[in-house]
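Read the structure below first, then the notes.
The values are calculated or read from the model by the stated rules, or taken from the named source; none is laboratory data. Please read all numbers here as calculations on a predicted model, not as lab measurements. Neighbour counts run over all protein chains shown; Cβ positions are idealised from the backbone, glycine included.
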Amino acid sequence: MSKGIVHCAGDGTDTAHKLGILARIAFETRIPLGSVRTEGIQGLTQQDLESAKRLKCRIKLLAVARRQERGLELRVAPTLVPEDHPLAAVHMNYNGIYVVGSASGPQLFTGQGAGALPTASAVLADVIDVALGKTLASFNNFKFFNNPQPTPFLPESDELTGSYARFVTPDKPGVLAGITNIFASHSISVRSMFQAEPDSEGRATIEVVTHPVLGGAFLNAVAEIDRMGITTAPSVCYRKL
């Protein structure tokens, strides 16, 4: 397996635990919870949802595990998911697991992840496995119990993903050029850009979607834009599938 994505709901803590378990099985290594960088969805605003809709996306709380040459990429974060992606159709109390196998290709597994009966069913299944000794026999086959070599975990700066940023700026000449010049100086390729009509106070909203880019380069560019005084409010950033 090369990649796995889980869609869940909540503040990110429960999702991070699920990611740790699944990544541990998929990649046969120990996953300390502290190695999973976690962001919740408590800060989502109506403007975030409207922007996602305009981009023909939905915002989902995703847990992502991806194996790269230099280590494992692990994160839980609100993410813009295109409406035609299979995970965009996972709603309500359902969880979805999107797996990309080296031989099997992409696969989606869905099921209820909350509620009294679904939870009771999962717990009872685990109890039965323990009683029958299936759990111990299964775990003994996993290398991570006997593998002393720690797996390197990639920092956010080394994550490779599409990104989205929303800037609130004065409606005046040169602002758009200033933003694009800073992105270019960080070797970031812009996929699309949108500028809304200015509001009654003369502020414009500019939205930028990038091609896949290293997280460090993207966040450094956004921080520089904010430091340069181009923006009038803290910029908003999301990842995009």
#### Entry: Arg30 part of a strand (DSSP E or B), surrounded by 12 or more Cβ atoms within 10 Å (Cβ to Cβ), in contact with a Phe, Trp or Tyr (Cβ under 9 Å, 6 or more places away or on another chain) and modelled with pLDDT under 95
no
### Query
Is the range 197-207 home to any residue that is among the small types (Gly, Ala, Ser), within 18 Å of Pro78 (Cα to Cα) and not assigned by TED's automatic domain parsing to the domain that holds Val81?
no
### Message
Considering only the range 16-24, I want to know if a residue exists there that is surrounded by fewer than 22 Cβ atoms within 10 Å (Cβ to Cβ), out of contact with any helix residue (DSSP H, G or I) (no Cβ under 7 Å at 6 or more places or on another chain) and small (Gly, Ala, Ser).
### Response
no
### Query
Within the range 147-160, is even one residue under 18 Å from Ile31 (Cβ atoms), in contact with a His (Cβ under 9 Å, 6 or more places away or on another chain) and modelled with pLDDT of 85 or more?
no
### Query
Any chance the range 48-64 includes a residue that's in contact with a strand residue (DSSP E or B) (Cβ under 7 Å, 6 or more places away or on another chain) and farther than 25 Å from Met193 by Cα?
yes
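Which of the residues belonging to the range 198-221 are of a type outside the set (Lys, Arg) and within 13 Å of Thr169 (Cβ to Cβ)? It would help to see each step written out before you state the result.
So in the range 198-221, the residues of a type outside the set (Lys, Arg) come out as 198-202, 204-221.
If the condition is that a residue be of a type outside the set (Lys, Arg) and within 13 Å of Thr169 (Cβ to Cβ), then Pro198, Asp199, Glu201, Gly202, Ala204, Thr205, Ile206, Glu207, Val208 are the ones that fit.
May I ask you to verify whether Ala177 is surrounded by 12 or more Cβ atoms within 10 Å (Cβ to Cβ) and either over 30 Å from Thr29 (Cα atoms) or hydrophobic (A, V, I, L, M, F, W, C) (or both)? Outline the logic, then answer.
Numbers: surrounded by 12 or more Cβ atoms within 10 Å (Cβ to Cβ): no; either over 30 Å from Thr29 (Cα atoms) or hydrophobic (A, V, I, L, M, F, W, C) (or both): yes.
Criteria not met by Ala177.
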#### Entry: Filter result (within 30 Å of the chain's Cα centre (by Cα) and without any contact (Cβ under 8 Å) to a residue 40 or more places away in the chain) within the range 193-204
Met193, Gln195, Ala196, Glu197, Arg203, Ala204
### Task
Please identify the pairs in which a residue from the range 20-39 that is on the phi > 0 side of the Ramachandran plot has its Cβ atom under 6 Å from the Cβ atom of a residue that is surrounded by fewer than 18 Cβ atoms within 10 Å (Cβ to Cβ) and not hydrophobic (A, V, I, L, M, F, W, C), counting only partners at least 6 apart or on another chain.
Glu28/Lys143
### Task
Assess whether Thr79 counts as being of a type in the set (Ser, Thr, Tyr) and at pLDDT below 90.
no
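Let's see how each residue does on (1) in a loop (DSSP other than H, G, I, E, B); (2) in contact with a Ser or Thr (Cβ under 6 Å, 6 or more places away or on another chain):
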site	(1), (2)
Glu50	no, no
Ile59	no, no
Leu62	no, yes
Arg67	no, yes
Glu73	no, no
Val76	no, yes
Leu87	no, no
Met92	yes, no
Ile97	no, no
#### Entry: Residues of the range 103-126 satisfying the condition of being in contact (Cβ under 8 Å) with a residue 24 or more places away in the chain and closer than 17 Å to Leu22 by Cα
Gly113
### Task
Check the range 47-70 and report whether any residue there is farther than 21 Å from Thr210 by Cβ, of a type outside the set (Lys, Arg), surrounded by fewer than 16 Cβ atoms within 10 Å (Cβ to Cβ) and in contact (Cβ under 8 Å) with a residue 24 or more places away in the chain.
no
### Query
For the range 209-231, which residues satisfy the criterion of being surrounded by fewer than 14 Cβ atoms within 10 Å (Cβ to Cβ), in contact (Cβ under 8 Å) with a residue 24 or more places away in the chain and out of contact with any strand residue (DSSP E or B) (no Cβ under 6 Å at 6 or more places or on another chain)?
Met228
## Note on the structure
Counting only residues in the range 179-196 that are touching a His at 6+ places or on another chain (Cβ under 9 Å) and not polar (S, T, N, Q), the one nearest to Arg227 (Cα to Cα) is identified as Ile188
